[in-house]
Structure formats: structure tokens, C-alpha cells
Amino acid sequence: METTTALFYVFSAILLFAAFRVITARSTVHAALFLVLAFFNAACVWMLLKAEFLAISLVLVYVGAVMVLFLFVVMMLDFNTDALRQGFWKHFPLAGIIGLVIAVEMAVVLLGGFDVAEAPAPTSEQVELGNSKLLGIEMYTNYLYPLQIAAVILLVGIVSAIALTMRKRKDSRYVDPSRQVKVKKADRLRIVSMQPEVQRAVAPADNQTPTGGQA
């Protein structure tokens, strides 16, 4: 067995284990860390396939930005996930069957793309350009319209997330920026002029003697 093949099996096994622990870990933080481990191993698999651009993009975008942000949000919120995980193992067989069906369908669709025997050999010009530049040329020429459709879908998702977050709820606090701008100094601070009060010393009565004295 070659070294590349052995590394592929090692990275794939760790990737499958980390992906399984993402959905079975009881702690949300642990699930996020296992997802980071899965992304790292997926990037290693991309490196073995000589797709350096995709590997570094996976590490920078997902591990360096998305997952770190998600991990910080999970740790700051510290919400209880026990109620959300009730009945997990009860529905796990059905979810496993559905996931297996989806995996088989994706394998049937993508199986033709892994046939590299009919792939044309790269020319000397393509070798000089590198896979990153060739990927950009391919995306913005032959796949320009699918790329624009994906961008529109992402934009719709961003707008939908903002609309769901900014809706008025009873348990949320909202500050109107226009009212903050219109506030004047006199509305927040009022200076009141008061006459000073002089405290007078109270003289002891004639029939009282100091403590410890003689009458």
C-alpha cells in the first residue's frame, strides 16, 4: 500500500468518526470542536487530491471564521441543550436510514465524476497556470450563471436571517437610533438651584449633667 493511500484511509476514518461525534456529543462545545476536526481532515483529503486551493479555503473560511464564530456564540450563550436532545436515540434509526439514502443518491449522481481514466491530460499551459487560476477561469466562464444563482440564494438567506432576527418581540429590547439622535442635554440633565441649609448646634438642657459627672 502506498503512503498516499494509507494517509487517505487514516484521514477518512478520522473524518467519519468526527462527523459521527458531531451529532452524538452531549456537549454543544464538544460537537463544535469535533466539527473543526472534521473540517481539518477534509482539508487533508483535499490536499491528497492536489486541490490546494479548496483545502486552504476550507480551513480559512470554515475553521478560521465560521466555526470559531459559532464556537464563541455557543460558549457565550451557554444554553441548555438537554431539552433539545430529548428523543434523539428514538429517532436515530429513521434519521440514519434517511441519511444513508441521501448518501447513496449522491454517490450515484457523483460516481461518474470520479472516472479519471477519460479525463484529458493537462497541457503545459495549464500546468504553468496552476489549479487555483484554472478553477477561477472555469467558474467565471463555464459556470458563471450557476455561480450567480448561488450568490442570489446566499443573499436571500442573509436577508431572511436579518428579517427573522430584527422582528419585534416582547422579550427583546430595541433602541431607536433616531430618538437617541434627537435627545438634548436638557432632556437628560436638569440643574436645580437650592438654598444652603445651616445646621444649628443643639445646646444641652440645664437639668442634664454630662455623663460621669456629679450633680
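The values are calculated or read from the model by the stated rules, or taken from the named source; none is laboratory data. All figures in this text were calculated on a predicted structure; none of them were measured in a lab. Heads up, the Cβs are rebuilt from the backbone with ideal geometry, glycines too, and the neighbour counts pull from every protein chain shown.
Listed values, structure above:
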quantity	calculated
Subset of segment 1-48 (residues that are within 20 Å of F92 (Cβ to Cβ) and small (G, A, S))	A18, A19, A25, S27, A31, A38
Residue satisfying all of: in segment 1-36; touching a residue at least 24 places away in the same chain (Cβ under 8 Å) and of a type in the set (F, W, Y); farthest from F72 (Cα to Cα) among these	F8
Residues of segment 74-132 that turn out to be basic (K, R) and modelled with pLDDT of 70 or more, as a count	1
Helices (runs of 4 or more DSSP H) lying entirely in segment 1-95 (those with 3 or more residues that are of a type in the set (A, V, I, L, M, F, W, C), within 30 Å of G136 (Cβ to Cβ) and touching a Phe, Trp or Tyr at 6+ places or on another chain (Cβ under 8 Å))	28-48
Residue check for S178: at pLDDT 75 or above, within 60 Å of the chain's Cα centre (by Cα), of a type in the set (S, T, Y) and part of a loop (DSSP other than H, G, I, E, B)	no
Pairs where the first residue, in segment 133-161, is touching a residue at least 60 places away in the same chain (Cβ under 8 Å) and the second is aromatic (F, W, Y) and surrounded by 11 or more Cβ atoms within 10 Å (Cβ to Cβ), C-beta under 8 Å, 6+ apart	L135/F53
